[in-house]
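The values are calculated or read from the model by the stated rules, or taken from the named source; none is laboratory data. Remember, it's a predicted structure, so these values are computed and weren't measured experimentally. Cβ placement follows ideal geometry from the backbone for every residue including glycine, while neighbour counts extend to all protein chains displayed.
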Amino acid sequence: MRVRSLVALAVVGAALAFAGASSPAAKPPALSERCLTKAERKHAVSFRTWDGFTLRGVVLGRGSVGVVLGHEKNADLCSWLPFARVLAGAGYRVLALDFRGHGSSQATRANLKAFRLDRDFAAGAKLLRSRGSTRTVLMGASMGGTGALVAAAALKPQPAAVVVLSSLTDFSSLDARPAVTRLQSPTLYVVGKDDSCCTEDMQTLYDSAAAPVKRLEFLDSGEHGTKLLKGATGPSLRAMILAFLSDNIS
C-alpha cells in the first residue's frame, strides 16, 4: 500500500509540474494609448491603489532607482513617454502611469475631490519597489506635480528626489504648501517664466520648502508642464533633470 501511495503522489506531482510549466504567462493589460510601440506594450502594468482604484501604465528600463511619472490634467502617460525613454536609457526603472480617471486607468467620479493623485503616486512607488528598485523618484507635471509633492512628504522613507513642472500650490483636495514644509527630499521646481498659471505658485512652494537641497528654475517659455520638455527648452531641461538626479542620488 505504501508503494502504491508513493507512486500516486509521484504521478500527481508530475502532473502539477507539467501543468505549471505549460501554463501561459499572464498577458500585459491592454492600453488605449497610441504613443506606445509594440515592444513597450509588452511592459504594460496594472496595479491598485490602497483606496481601491485600478491604475495602468508602462514600465521601461531597469535599475535600482525607480522613477514614477505623473501627467497633467486631461492627459495620459503619453505626455511623459518621450522623457521616460530617456530616463530608461540613462539607467533608471521608469513607470509612466495614467492617473485615476485618465487614460487607461479606472474612471472616477466627476467630483474633483476624488482625484487623490498622491495615492496614485504611492501605488506607483510600491510597484517599482516590488520590481527591485530600492530608491524612488517622483516627477509630476501641473496637477501631477502637486500630487507628487503631497505624496513625497507622506512616503516612508521619503523619495530620493522630486521633480515638478509647472505645478500649482493646490489641486482638488490636495494642498502642497504644508507638504513642502515636511519634505526633505532634494526637489527641483521648473516653470516657464511666461506661464501665467503657475509662476507665483511655484515661487510660493519653493519659498516654503524645507528641503536642504532645493532649486527653482524659470525657463524662457510660456509652455506648461511636460511641453517644457519639448521645443526650444527641451534639450536643456532634459539635461538639467538628469544632472539633478545624478548630483543628488548617491
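If we keep just the residues of segment 1-55 that are at pLDDT below 50 and part of a loop (DSSP other than H, G, I, E, B), which is nearest to the chain's Cα centre (by Cα)? Working first, answer last.
Keep residues of segment 1-55 that are at pLDDT below 50, which gives 1-24.
So of that shortlist, the ones also part of a loop (DSSP other than H, G, I, E, B) come out as 1, 23-24.
Values: M1: 59, S23: 31, P24: 29 Å.
Among those that are at pLDDT below 50 and part of a loop (DSSP other than H, G, I, E, B), it is P24.
Being within 11 Å of T226 (Cα to Cα) and within 9 Å of the chain's Cα centre (by Cα) is the filter here, so list the residues in segment 65-76 that pass it.
Correct list: L69, G70, H71.
Mind listing whichever residues of segment 178-203 are surrounded by 16 or more Cβ atoms within 10 Å (Cβ to Cβ) and either more than 25 Å from I249 (Cβ to Cβ) or among the β-branched types (V, I, T) (or both)?
V180, T187, V190, V191, G192, D195, C197, C198, D201
So R238 fits all but one of (1) assigned to a helix (DSSP H, G or I); (2) in contact (Cβ under 8 Å) with a residue 40 or more places away in the chain; (3) more than 17 Å from the chain's Cα centre (by Cα); what number is the exception?
Among (1) assigned to a helix (DSSP H, G or I); (2) in contact (Cβ under 8 Å) with a residue 40 or more places away in the chain; (3) more than 17 Å from the chain's Cα centre (by Cα), R238 violates only (3).
For segment 211-220, indicate whether the set of residues that are within 11 Å of L165 (Cβ to Cβ), modelled with pLDDT of 95 or more and either part of a loop (DSSP other than H, G, I, E, B) or touching a Leu at 6+ places or on another chain (Cβ under 8 Å) (or both) is non-empty.
So far as segment 211-220 goes, yes, one or more of its residues are within 11 Å of L165 (Cβ to Cβ), modelled with pLDDT of 95 or more and either part of a loop (DSSP other than H, G, I, E, B) or touching a Leu at 6+ places or on another chain (Cβ under 8 Å) (or both).
If we only count strands (runs of 3 or more DSSP E) wholly inside segment 69-184, which ones have 2 or more residues that are at pLDDT below 95? Show your work before the answer.
Details: elements: 93-98, 135-141, 161-165.
The qualifying strands (runs of 3 or more DSSP E) are 93-98.
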